[in-house]
Amino acid sequence: MEKYAGNHLAAILARTAGEAPEALFLEDVASGARLSHGALWQGAGRMAAALLRAGVKPGDRVAIQAQKSVAMLELYLGALLAGAVFLPLNPAYTPAEVAYFLGDAAPRVFVCDPARLEALEPVAREAGVGALFTLGADGQGTLAEAAGAEGAAGAGFEAVARGAEDLAAILYTSGTTGRSKGAMLSHRALASNSLALRDYWRFTAEDVLIHALPIYHTHGLFVATNIMLMAGGSCLFLPKFDAAGIVELMPRASALMGVPTFYTRLLAEPGLGAAARTMRLFVSGSAPLLAQTHRAWFEATGHRILERYGMTETNMNTSNPYEGERRPGTVGLPLPGVELRVCDGAGRALPRGEIGTLEVRGDNLFSGYWQMPEKTAEEMRPDGFFITGDLGFVDTDGYVTIVGRGKDLIISGGLNVYPKEVEEAIDALPGVVESAVIGVPHADLGEGVVAVVVASEPMEEAGVRAGLAGRLARFKQPKRVVFVAELPRNAMGKVLKNVLREAYGDLLG
Ligand code: MCA
Ligand code: AMP
């Protein structure tokens, strides 16, 4: 559309809104409301107009911590149209966690859930936020009022010009050491990756995606949502994962994207096999999908789950093929436009088949960490390859297998937990000498968080949990706390987490 032509990413995402504005974009399953591509972008235009009225200038950050809603999607696209940088935050974060993100990113606008306004208003003020709005799960709040006031003129908003290298979003990803880092994502990175995925996975205007992922992360926002916008297809939009609800929707849908926990939970649902018959594609990512889940899914539904591999910093890197063999236990082949190599610690490429660190390069890469050039430099090679921290190998057919992580990271139900952050919170509790936080196998979540604690006085598991409430989001809190006299260490004094993982491997069943 002419009015979006100068905005690199919006011009691509809004193509269907220009060519077929009446085409359905989304059915909000909870309310039954239906929204066309054209109406979505009109809503986005009103959001953009409201943002400009609130003082947003090109490059300003627009942060939001709210429940998944259609209005939040409109704000994402509205921020793009306004030339701003969209910054979504997990609604599970505590006000203390939000304070860090707002302080670091210094957004011009912050949008929060009306139920948390009282707790977050002082946080926003402290961070120097220019304008604070509310947005409830029902789409109501002061943001909706401000957007509504923009009327027809707002709906026709002409996009602020933005080039391929300008930033479209910042997503925070915790560091293995130190504070969370904001991954800066350009219009180029997001546009090129979603276009590649749309074509690689054969998404068209005929597709109907069951959208049950959260929209504060790469998977639900830049993979699921952007692909459906670019394909001109539609979404059955769920507020959150709901196994029975998804099975019920399958006969009306063609595709599902999820984390492995989606698939293990769906396997327990009666009627799955019959419901999945007319589906075209099941995609899994964000955490390793067990080969046994892949096989069980094939037995139950006749479909082979397509597993792909990505990161916040890189978007999607590899994918099993649409038409070729989808190999269980592998993450497939590098996507078109993505180069991948396996290297030793010094960045020297290793022969095929050897295990090393995966490094990637391509238009999909982020533009660095927000205001942390030294952290960016640590993870980039001089020739432009990004060091993922994932360990793996490439087989003779080019398929990539991830065998582990060089970084100390737990992935629980598709959400990342950095042990260091949890250890610091536990170590700050009175009576704690030190702690080690590990991930152990969890039948539902893949990995679950366990804390091993050395205390100077008798302590209860519940005491540690209570001490963490309000400091850490619940998904980061340990599912179990074990007390020991001392932590196992090597000769250098480093805690042997592998020994702990072995000792407590059965703890979460
Ligand atoms: C919820 N809880 C969790 C998790 N989710 N605990 C550990 N890990 C989790 N992932 C806890 C809550 O705090 C709560 O605890 C209890 O479980 C029930 O909460 P509820 O919200 O009802 O949970 P749920 O609906 O069953 O959610 C589980 C879920 C969800 C469906 C697996 O976490 C989810 O949608 N995960 C997907 C995340 C995602 O999109 N990841 C992609 C990131 P309590 O009862 O104690 O209060 S993007 C990425 O990784 C890269 C780029 C990539 O490649 O995609
Ligand atoms: P995030 O920090 O949320 O961007 O998570 C990225 C990390 O998730 C990657 O570095 C991998 O460790 C992991 N990951 C994503 N997809 C897969 C997959 N299909 N298999 C194994 N690990 C994955």
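The values are calculated or read from the model by the stated rules, or taken from the named source; none is laboratory data. Just so it is clear, the structure is predicted and the values come from calculations on it, not from any experiment. Every residue, glycine among them, receives a Cβ derived from its backbone with ideal geometry; neighbour counts consider all protein chains shown.
May I ask you to verify whether residue 128 is more than 30 Å from residue 246 (Cα to Cα) and more than 16 Å from ligand 1 (Cβ to nearest atom)? Full working, then the answer.
Working: more than 30 Å from residue 246 (Cα to Cα): yes; more than 16 Å from ligand 1 (Cβ to nearest atom): yes.
Yes.
If you scan segment 475-496, which residues turn out to be surrounded by 11 or more Cβ atoms within 10 Å (Cβ to Cβ), more than 16 Å from ligand 2 (Cβ to nearest atom) and not aliphatic (A, V, I, L, M)? If the condition is that a residue be surrounded by 11 or more Cβ atoms within 10 Å (Cβ to Cβ), more than 16 Å from ligand 2 (Cβ to nearest atom) and not aliphatic (A, V, I, L, M), then 477, 478, 479, 480, 483, 488, 489 are the ones that fit. Of the residues making up segment 210-225, not a single one is part of a loop (DSSP other than H, G, I, E, B), away from ligand 1 (no atom under 12 Å from the Cβ) and either under 21 Å from the mean Cα position of the chain (by Cα) or surrounded by 20 or more Cβ atoms within 10 Å (Cβ to Cβ) (or both). The numbered conditions (1) within 16 Å of ligand 2 (Cβ to nearest atom); (2) free of Cβ contacts under 8 Å to residues at least 60 places away in the same chain are all true for residue 370 except (2). Find the residue count for segment 484-505, including only residues that are in contact (Cβ under 8 Å) with a residue 12 or more places away in the chain and in a loop (DSSP other than H, G, I, E, B). Number of matching residues: 7. Residues in segment 321-342 that are within 11 Å of residue 399 (Cα to Cα), of a type in the set (Gly, Ala, Ser) and either loosely packed, with under 14 Cβ neighbours inside 10 Å or within 16 Å of ligand 1 (Cβ to nearest atom) (or both): 332 only. Within segment 212-223, being under 18 Å from residue 315 (Cα atoms) and either touching a His at 6+ places or on another chain (Cβ under 8 Å) or more than 15 Å from ligand 2 (Cβ to nearest atom) (or both) holds for 213, 220. Any chance segment 159-174 includes a residue that's at pLDDT below 95 and either surrounded by fewer than 24 Cβ atoms within 10 Å (Cβ to Cβ) or more than 16 Å from ligand 2 (Cβ to nearest atom) (or both)? Scanning segment 159-174 turns up at least one residue that is at pLDDT below 95 and either surrounded by fewer than 24 Cβ atoms within 10 Å (Cβ to Cβ) or more than 16 Å from ligand 2 (Cβ to nearest atom) (or both). A search for C-beta distances below 7 Å between a residue of segment 408-422 that is within 15 Å of residue 500 (Cβ to Cβ) and any residue that is more than 10 Å from ligand 2 (Cβ to nearest atom) and assigned to a helix (DSSP H, G or I), counting only pairs 6+ apart in sequence or on different chains, returns 408/419; 408/420; 410/419; 422/476. Scanning segment 415-450 for residues that are within 16 Å of ligand 2 (Cβ to nearest atom), out of contact with any strand residue (DSSP E or B) (no Cβ under 7 Å at 6 or more places or on another chain) and more than 20 Å from residue 288 (Cα to Cα) yields 420, 421. Taking residues in segment 306-319 that are modelled with pLDDT under 95, and partners anywhere that are within 6 Å of ligand 2 (Cβ to nearest atom), not one pair has Cβ atoms closer than 8 Å while being at least 6 places apart or on different chains.
Screening the candidates 153, 191 for the property of being away from ligand 1 (no atom under 16 Å from the Cβ) and either more than 24 Å from the chain's Cα centre (by Cα) or in a loop (DSSP other than H, G, I, E, B) (or both) yields one hit, 153. Taken over segment 466-489, the criterion of being of a type in the set (Val, Ile, Thr) and more than 16 Å from ligand 1 (Cβ to nearest atom) is satisfied by 482, 484. Pairs meeting the criteria (first residue in segment 261-282 and in contact (Cβ under 8 Å) with a residue 24 or more places away in the chain, second residue more than 16 Å from ligand 2 (Cβ to nearest atom) and of a type in the set (Phe, Trp, Tyr), beta carbons under 7 Å, at least 6 apart or on different chains) are 262/241.
Among helices (runs of 4 or more DSSP H) lying entirely in segment 1-57, which contain 2 or more residues that are of a type in the set (Gly, Ala, Ser), touching a residue at least 24 places away in the same chain (Cβ under 8 Å) and buried (at least 24 other Cβ atoms within 10 Å of the Cβ)?
Working: elements: 8-13, 15-19, 37-53.
Answer list for segment 1-57: 37-53.
Does any residue of segment 409-425 turn out to be within 16 Å of ligand 1 (Cβ to nearest atom) and of a type in the set (Phe, Trp, Tyr)?
Taking every residue of segment 409-425 in turn, at least one turns out to be within 16 Å of ligand 1 (Cβ to nearest atom) and of a type in the set (Phe, Trp, Tyr).
Of the residues making up segment 156-174, none is out of contact with any helix residue (DSSP H, G or I) (no Cβ under 6 Å at 6 or more places or on another chain) and part of a helix (DSSP H, G or I).
Is there a residue being in a strand (DSSP E or B) and more than 20 Å from residue 185 (Cβ to Cβ) anywhere in segment 374-385? Within segment 374-385, none of the residues are in a strand (DSSP E or B) and more than 20 Å from residue 185 (Cβ to Cβ).
The single condition among (1) under 29 Å from residue 169 (Cα atoms); (2) touching a Cys at 6+ places or on another chain (Cβ under 9 Å) that residue 350 does not satisfy is (1). If the condition is being on the phi < 0 side of the Ramachandran plot, more than 14 Å from ligand 1 (Cβ to nearest atom) and either surrounded by fewer than 17 Cβ atoms within 10 Å (Cβ to Cβ) or not hydroxyl-bearing (Ser, Thr, Tyr) (or both), then segment 426-452 contributes 426, 427, 428, 429, 430, 432, 433, 434, 436, 438, 452.
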